[in-house]
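Everything on this sheet refers to the single structure shown next.
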Amino acid sequence: MAPDRDPTPNGDVASFPRPASRGFRRHLAHIGTRGVWKAILLGQVVSLLNCTTAITSQYLGQTYNVNAPTAQSFLNYVLLCAVYTTCLACKAGDDGLIPVLRARGWKYFLLAIVDVEANYLVVKAYRHTTLTSVQLLDCFTIPTVLALSWIFLKVRYALLHILGVGVCLMGVGCVVWADVVEGRGAEGGDDRFLGDMFCLAGAALYGVSNVGEEFLVKNHNRVEILGMLGLFGSVINGIQLAILERNELAAVKWDTWQIVALMVGFAVALFFFYSIVPLIMRLSSATAVNLSILSCDFYSLVAAIFLFQYHFHLLYLGDRKSVV
């Protein structure tokens, strides 16, 4: 006897739907929890911080002709080292600095290499292409995170997620094509296609870094992760700075207060960005972090129009819908 079927008044057999909406109600109940809303609000904070780093980078590169992406990120790693590595060094037992270095220091070293180069490539992209292009192409991190999470973290996604990744990649293609159409040497960058490639490579490395950080966040505390990232990041970034950007640093007009203010503003915004991201990852995942940052595209578009008088190509409209 089927419990979900019952005769109707006219004698026919009617089929009553099973409680298939139970899962939907459960998802709605989950959305209403404090942890979810905390992750959403923190996501918008990091989105605004990301937009701040984008605006300061654009000003430095195109208004003041500062071409020192490694130097921009160096102060951020120094701040992370000064705050979190110091806290880690003050801990006793197995959670202290030396035991952590011995147990899993090599993991943080690899993570720091990927993170430093991701920052280098994306900041370098602002010298060659526009603010909106970088912010939209930076969304390539999302399909990278999805793919790596599926392979290494054993996260499984529905067909809808896969289709979403495909549409997002189509949007990325629209941005690159729009920059090619507008041409080399056009307003907003001296070689937009090269800048787009820098950004895509940096976004892919961000994806690798985010998945590695998510794995570490789920197993270790935030102070350890940021402390080790600050320690190794400062060393790697400092060596790269000394090798690649000595001449660029010498050419910077340090007596111009606007340049100093923009460099400090970039570093402080990036420091708080790094400090908040692990909190969101602990509440949700690396994918959720990158989805939250999608709203940065809107903030950056507004900034580009009002601060840089930027006129975007019509293809950007289709791209923005595709990516979001």
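The values are calculated or read from the model by the stated rules, or taken from the named source; none is laboratory data. Predicted model, so just to flag it, every value in this text is computed and none were measured. Glycine gets a Cβ as well: all are built from the backbone with ideal geometry, and neighbour counts include every protein chain shown. Accessible surface is based on the protein model in full, side chains and every heavy atom, while ligands, DNA and RNA are left aside. Shrake-Rupley method; radii C 1.70, N 1.55, O 1.52, S 1.80 Å.
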| Is it true that some residue in segment 86-109 is out of contact with any helix residue (DSSP H, G or I) (no Cβ under 7 Å at 6 or more places or on another chain), at pLDDT 90 or above, within 29 Å of LEU60 (Cα to Cα) and assigned to a helix (DSSP H, G or I)? | no
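Restricting to segment 70-116, give me the number of residues that are of a type outside the set (A, V, I, L, M), farther than 15 Å from LEU226 by Cα and free of Cβ contacts under 8 Å to residues at least 60 places away in the same chain. Reasoning before the result, please.
Keep residues of segment 70-116 that are of a type outside the set (A, V, I, L, M), which gives 70, 72-74, 76-77, 81, 84-87, 90-91, 93-96, 99, 102, 104-109, 115.
Next, only the ones that are farther than 15 Å from LEU226 by Cα stay: 70, 72, 93-94, 99, 102.
Keeping just the survivors that are free of Cβ contacts under 8 Å to residues at least 60 places away in the same chain gives 93-94, 99, 102.
Here the count works out to 4.
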| note | Scanning segment 236-269 for residues that are among the polar types (S, T, N, Q) and open to solvent by 30 Å² or more (accessible area, probe 1.4 Å) gives ASN247, THR256, GLN258
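Consider SER284 carefully, then state whether it is open to solvent by less than 70 Å² (accessible area, probe 1.4 Å) and at pLDDT below 80. Walk me through how you get there before you give the answer.
Values: open to solvent by less than 70 Å² (accessible area, probe 1.4 Å): yes; at pLDDT below 80: no.
Answer is no for this residue.
Would you point out the residue of segment 291-309, among those that are over 13 Å from LEU136 (Cβ atoms) and open to solvent by less than 30 Å² (accessible area, probe 1.4 Å), that is modelled with the lowest pLDDT?
Applying the first criterion (over 13 Å from LEU136 (Cβ atoms)) to segment 291-309 yields 291-292, 302-303, 305-309.
Cutting the leftovers down to open to solvent by less than 30 Å² (accessible area, probe 1.4 Å) gives us 292, 303.
On the way: SER292: 74, ALA303: 78.
Among them, the one singled out is SER292.
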| Looking only at segment 37-69, which residues are without any contact (Cβ under 8 Å) to a residue 12 or more places away in the chain and either in contact with a helix residue (DSSP H, G or I) (Cβ under 9 Å, 6 or more places away or on another chain) or open to solvent by less than 60 Å² (accessible area, probe 1.4 Å) (or both)? | TRP37, THR63, ASN65
| Mind checking which pairs have a first residue in segment 119-139 that is over 21 Å from PHE271 (Cβ atoms) and part of a loop (DSSP other than H, G, I, E, B) and a second that is open to solvent by 10 Å² or more (accessible area, probe 1.4 Å) and of a type in the set (Asp, Glu), Cβ under 8 Å, 6 or more apart or different chains? | ARG127/ASP190; HIS128/ASP190; HIS128/ASP191; THR129/ASP191
| task | Can you confirm whether segment 139-146 contains a residue that is at pLDDT below 80 and more than 29 Å from ASP94 (Cα to Cα)? | result | yes
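If a residue counts only when it is closer than 21 Å to THR56 by Cα and over 19 Å from the mean Cα position of the chain (by Cα), which helices (runs of 4 or more DSSP H) contained entirely in segment 231-312 have at least 2 such residues?
Working: elements: 246-251, 257-283, 286-292, 296-307.
By residue number, 246-251, 257-283, 296-307.
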| message | Looking at segment 191-203, can you tell me whether even one residue there is open to solvent by 50 Å² or more (accessible area, probe 1.4 Å) and under 17 Å from VAL155 (Cα atoms)? | response | no
